[in-house]
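In what follows, a single structure is set out as structure tokens and then discussed.
The values are calculated or read from the model by the stated rules, or taken from the named source; none is laboratory data. Bear in mind that the values here come from a model prediction, so they are computed numbers and not experimental data. Glycine gets a Cβ as well: all are built from the backbone with ideal geometry, and neighbour counts include every protein chain shown.
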Amino acid sequence: MSSEPHTPKDAPEHDLERLWHEIHKVRYGMLGLTGSSDHFQPMAAFCEPETADIWFFTRSDTQLAKGCIGGAPAMFIVQSKDQAFHACIGGALEQHRDGERIQKYWNPIVAAWYPAGKDDPLLTLLRFTARDAQVWLSETNPIRFFWEIAKSNVTHHEPDVGASRPVLMSNGERSF
């Protein structure tokens with residue numbers, strides 16, 4: 001993938017908008033603490049783009065929840081179902097039991113994980129405040145993809161199957 005400059009239709013604002021759209025559409029990704037020996041784990045994401053926050057349901061007795069008390073650096077990784085979009089999002093993760101958000105995002109799928117319901121004393125939320133992301137975009141169809149691979153093997157140049165670029169969140173901070 002290349003790191004080509006933005007064209008007008010691929011402006012940074014579009015990348016940010018696309019990032020939030022893909023997270024909302026896919027709904028799941030891999031969440032983990034950076035610098036931890038624990039593996040990333042699949043989590044359902046509930047987006048709030050206006051604040052650059054992503055919320056996750058969990059239990060307060062999990063390693064992930066215990067590891068982020070007081071806030072901790074974390075990453076959330078998302079991939080679209082068609083594999084045309086990949087993102088690694090950096091930010092801070094903290095445990096934050098928020099009754100309003102529990103009510104707002106509660107659904108039958110979440111309820112299946114918490115048989116004691118919304119009042120389960122171990123039920124908590126994790127708030128991931130996104131700072132930045134790196135996105136990888138590939139809009140090539142299978143024929144073009146294989147053409148680029150074949151051409152690359154003949155010319156010994158990297159195939160052009162998409163682009164990669166950084167995305168800043170609305171708070172304008174950058175962690176790298």
(request) Answer with yes or no whether residue 61 is out of contact with any Lys or Arg (no Cβ under 7 Å at 6 or more places or on another chain) and without any contact (Cβ under 8 Å) to a residue 60 or more places away in the chain. (result) no
(request) Answer yes or no: is there a residue in segment 119-130 that is assigned to a loop (DSSP other than H, G, I, E, B), touching a residue at least 40 places away in the same chain (Cβ under 8 Å) and surrounded by 15 or more Cβ atoms within 10 Å (Cβ to Cβ). (result) no
(message) Which numbered condition in (1) at pLDDT 70 or above; (2) part of a helix (DSSP H, G or I); (3) of a type outside the set (A, V, I, L, M, F, W, C) is the only one that residue 148 fails?
(response) (1)
(request) Residue by residue through segment 14-40, note down the ones that are part of a strand (DSSP E or B), surrounded by 14 or more Cβ atoms within 10 Å (Cβ to Cβ) and under 12 Å from the mean Cα position of the chain (by Cα). (result) 29, 30, 31, 32
(message) Report every pair of residues separated by at least 6 positions or lying on different chains whose Cβ atoms are under 8 Å apart, first residue within segment 89-104 and closer than 11 Å to residue 57 by Cα, second modelled with pLDDT under 95 and surrounded by fewer than 12 Cβ atoms within 10 Å (Cβ to Cβ).
(response) 95/69
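Search segment 71-83 for residues being farther than 17 Å from residue 131 by Cβ and loosely packed, with under 15 Cβ neighbours inside 10 Å, and hand back the single one that is farthest from the chain's Cα centre (by Cα). Step through it out loud before you land on a result.
Start the filter on segment 71-83 by keeping residues that are farther than 17 Å from residue 131 by Cβ, which leaves 79-83.
Pick out the ones that are also loosely packed, with under 15 Cβ neighbours inside 10 Å and you get 81-83.
Numbers: 81: 13, 82: 16, 83: 14 Å.
Going through the qualifying residues, I end up with 82.
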(request) Go through segment 48-69 residue by residue and tally those that are crowded, with 19+ Cβ neighbours inside 10 Å and not in a helix (DSSP H, G or I). (result) 7
(message) Test of understanding: among 20, 113, which residue is in contact with a helix residue (DSSP H, G or I) (Cβ under 8 Å, 6 or more places away or on another chain) and modelled with pLDDT under 95?
(response) 20
